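Structure, as structure tokens:
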Amino acid sequence: MPNPSVFLLTVNGQIEGANFPDYDSLYCKYCYVYGHDWAPTTGLEEGITQITSKSTQSHRLIWNFPLEITFKSTNPSGWPQLVVSVYGPDVFGNDVVRGYGATHIPFTPGQHTRTIPMFVPEPTWRLQKFTGWLLGRRPEYTDPKVVAQGEGREVTRVRSQGFVTVSFHIMTKDMKKMGYDAGPSSPSAVQSEAQSYVK
């Protein structure tokens with residue numbers, strides 16, 4: 001049997017929900033950012049959830065929006081990241097960004113849950129903040145994918161605001177055949193690895 005020329009990464013899961021104490025009636029957009037050697041083979045690269053509101057029993061926003069995509073690549077450089085942007089109405093009814101966040105797709109096969117801290121860009125001057133509030137125009141990125149890239153982010157002023165929870169079920173194919181170790185393959189290996197860190 002010939003050696004494979006690519007490996008596959010299959011991502012299934014869901015954007016479970018969010019915790020934004022000060023806001024309600026929010027929706028989420030998502031997209032993936034990945035390196036030059038990566039290409040999606042099946043599934044959706046971007047999407048948008050329904051609008052959800054907090055229930056009287058819980059102060060969490062629940063979307064349970066499905067994620068399903070498969071990537072192929074020749075090397076792990078540029079491993080995919082999930083970028084999420086949360087939007088909702090301001091006091092004037094305009095849709096404004098309530099948070100940006102990103103997380104790498106987990107590297108190891110199996111079930112994973114990630115809580116993504118969210119942030120929003122802040123105006124640099126008080127006058128900008130006031131006129132932005134008055135006109136209903138808040139600072140936001142023209143392309144949310146910038147959140148997953150480091151270039152230019154060091155000069156952006158941001159404020160932390162809320163969390164989004166995402167669950168993943170990860171499957172890989174042919175990574176070991178191409179010489180990449182995707183992590184421990186048995187529970188005993190995980191236990192011995194954990195014990196070596198304790199010593």
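The values are calculated or read from the model by the stated rules, or taken from the named source; none is laboratory data. None of the values given here were measured: they were computed from a predicted structure. Note that each Cβ is placed from the backbone with ideal geometry, even for glycine, and that neighbours are counted across all protein chains shown. Heads up: the accessible areas ignore ligands, DNA and RNA and are worked out on the full protein's heavy atoms, side chains in. Shrake-Rupley method; radii C 1.70, N 1.55, O 1.52, S 1.80 Å.
Miscellaneous remarks
- Residue match in the range 72-79 (condition: open to solvent by less than 40 Å² (accessible area, probe 1.4 Å), more than 30 Å from Ala182 (Cα to Cα) and of a type in the set (Ser, Thr, Tyr)): no
- Residues located in the range 39-71, provided they are touching a residue at least 40 places away in the same chain (Cβ under 8 Å), open to solvent by less than 60 Å² (accessible area, probe 1.4 Å) and of a type in the set (A, V, I, L, M): Leu61, Leu67, Ile69
- Members of the range 80-115 that are open to solvent by 60 Å² or more (accessible area, probe 1.4 Å), of a type in the set (A, V, I, L, M, F, W, C) and in contact (Cβ under 8 Å) with a residue 24 or more places away in the chain: Phe92, Phe107
- Within the range 148-166, being surrounded by 15 or more Cβ atoms within 10 Å (Cβ to Cβ) and at pLDDT 85 or above holds for Gln161, Gly162, Phe163, Val164, Thr165, Val166.
- Across the range 4-36, the number of residues qualifying as open to solvent by 10 Å² or more (accessible area, probe 1.4 Å), farther than 21 Å from Val146 by Cβ and out of contact with any Lys or Arg (no Cβ under 6 Å at 6 or more places or on another chain) comes to 9.
- Total residues in the range 1-34 satisfying the condition of being in contact with a Phe, Trp or Tyr (Cβ under 7 Å, 6 or more places away or on another chain) and not in a strand (DSSP E or B): the figure is 1.
- Given (1) under 22 Å from Thr10 (Cα atoms); (2) outside any strand (DSSP E or B), index of the condition Ser55 fails: (1)
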